[in-house]
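Data first, discussion second: the structure below is written as structure tokens.
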Amino acid sequence: MAPPLVTVDASEPLDKINDIIARDGGVIVSNFLSPELLTELMTAIEPFFLDRKIYNSKATHGELGPDFFPYGSQRVYALLAKIPDQIVKIIRLPVWQGVMAHFLNDEFASYTGETLVSQKSGYMLATSAALRLVPGAKPQPLHRDQLAYHTRPDPANPLFTPMLGCLIAGSKSTYKNGATAVIPGSHLWGSDRMPNVEECTYAEMEAGSALFTLGSTYHGAGGNQCETTDPNALRTLFAVFGQRDYFRRNQDETASTPMDIVRTFSPDILRLAGYGESVPCSAATTSASRTIMTVLVNIEKAVGGVGYVEDHQSPSEFLHRDDCGIVVGLQIARY
Ligand SMILES: O=C(O)CCC(=O)C(=O)O
Ligand SMILES: [Fe+2]
């Protein structure tokens, strides 16, 4: 087993947290949530778990690999729509924003005629989900979360990542109940190196801590070996991932959040929720046309893609239904 990941308190300087992520591919930040926000978060999510079935879809296994979602997890997606107040508080935390900005903001330049023009881009919320492992849950295969973005390792830019993982412990997370397995240093591996379970460490965390990983770092959910009577039998993590704002998202928050909730968000959250423009493209498309494009292009992913609907209904089957319109699509995409 690899040595444990470094744990840094949320009050420590941001540079220290970012340096460790750059070196090891991941870090645990203790006291990431205040005790009040942790309680609020767990109270808010519980009703969504009440009748949630064990996730058993195989529809993604072709594109993500066999058993990407192994038996034994309960998953609630699109949390910006379901528990907006708590997700807003999380994505405003200085540590969340500081880590995302450090690894995902970018600046480049190209000539327009004789003028060197700089293009700056930022980050936004990529995916939000609550991931619960119940006793008997099988371990997840080790994987790189950036797989959905087709990123090739680039030796000239080894820390490039399209997205960043942030897994927040809502419950205590232990080796026994399925703490996330992580291979420190694997963010620097080439694409031909296969990850081995023996190379992992397990991100055991107190409730309220968070595990940050680069999109290139190999990791996967552990197995839950608890009895149902174990006080820590349920492992609950919240995924609040960020990504570069010029990529389209794996889980589209704009398509899954109803307008009455969107209207309550202030400008900073609207930007993080994907209603802003990525600066290099802002002159080319208006926000209205961009939003329509987002809906049209992503409805297929929203319906057929990872986690939005329990049974992974085929997108083409859905789109050919007589009663299908964007509104129907948006409603379905909420679940
Ligand atoms: O549940 C976990 O510990 C990790 C989940 C994960 O890595 C994923 O679903 O991509
Ligand atoms: Fe993952």
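Quick note: the coordinates plus some simple rules give every number you see, no bench work behind them. These numbers come from a predicted model, not from an experiment. Positions of Cβ are generated from backbone atoms using ideal geometry, with glycine treated the same way; all protein chains shown enter the neighbour counts.
Between the range 27-79 and the range 188-257, the C-alpha centres lie 10 angstrom from each other.
Cβ-to-Cβ counts within 10 Å put Val182, Val197, Val88, Val99 in ascending order as Val197, Val88, Val99, Val182, the fewest first. Shown for the range 5-300 is the translational diffusion coefficient from the Stokes-Einstein equation, using the Kirkwood radius over Cα pairs, a temperature of 10 °C and a viscosity of 1.306 mPa s: 80 µm²/s.
Could you tell me whether the range 140-205 comes out rounded, prolate or oblate from its Cα gyration tensor? Rule is a ≥ b ≥ c as square roots of the eigenvalues, rounded for a/c under 1.5, then prolate if a/b exceeds b/c, otherwise oblate. Judged from the Cα gyration tensor, the range 140-205 comes out prolate (a/c at least 1.5, a/b above b/c). What shape does the range 179-230 take by its C-alpha gyration tensor, where a ≥ b ≥ c are the square roots of the eigenvalues and a/c under 1.5 counts as rounded, a/b above b/c as prolate, and the rest as oblate? It is oblate, given that a/c is not under 1.5 and a/b is not larger than b/c. Around the amide H of Gly178, modelled in the peptide plane, lie the amide H atoms of Gln225, all under 5 Å away and 5 or more residues distant in sequence or on another chain. The ranking of Met205, Met1 by Cβ neighbour count inside 10 Å, starting from the fewest, reads Met1, Met205. Can you tell me how the range 64-206 classifies by the Cα gyration tensor, rounded, prolate or oblate, using a/c under 1.5 as the rounded cut? Cα axes put the range 64-206 in the oblate bin. The ranking of Trp96, Trp189 by Cβ neighbour count inside 10 Å, starting from the fewest, reads Trp189, Trp96.
Between the DSSP loop rule and a limit of at most 15 other Cβ atoms within 10 Å, which trypsin sites (Lys or Arg not before Pro) in the range 90-147 are left?
On the way: sites: Arg92, Lys120, Arg132, Arg144; in loops: Arg92, Arg144.
Answer in residue order: Arg92.
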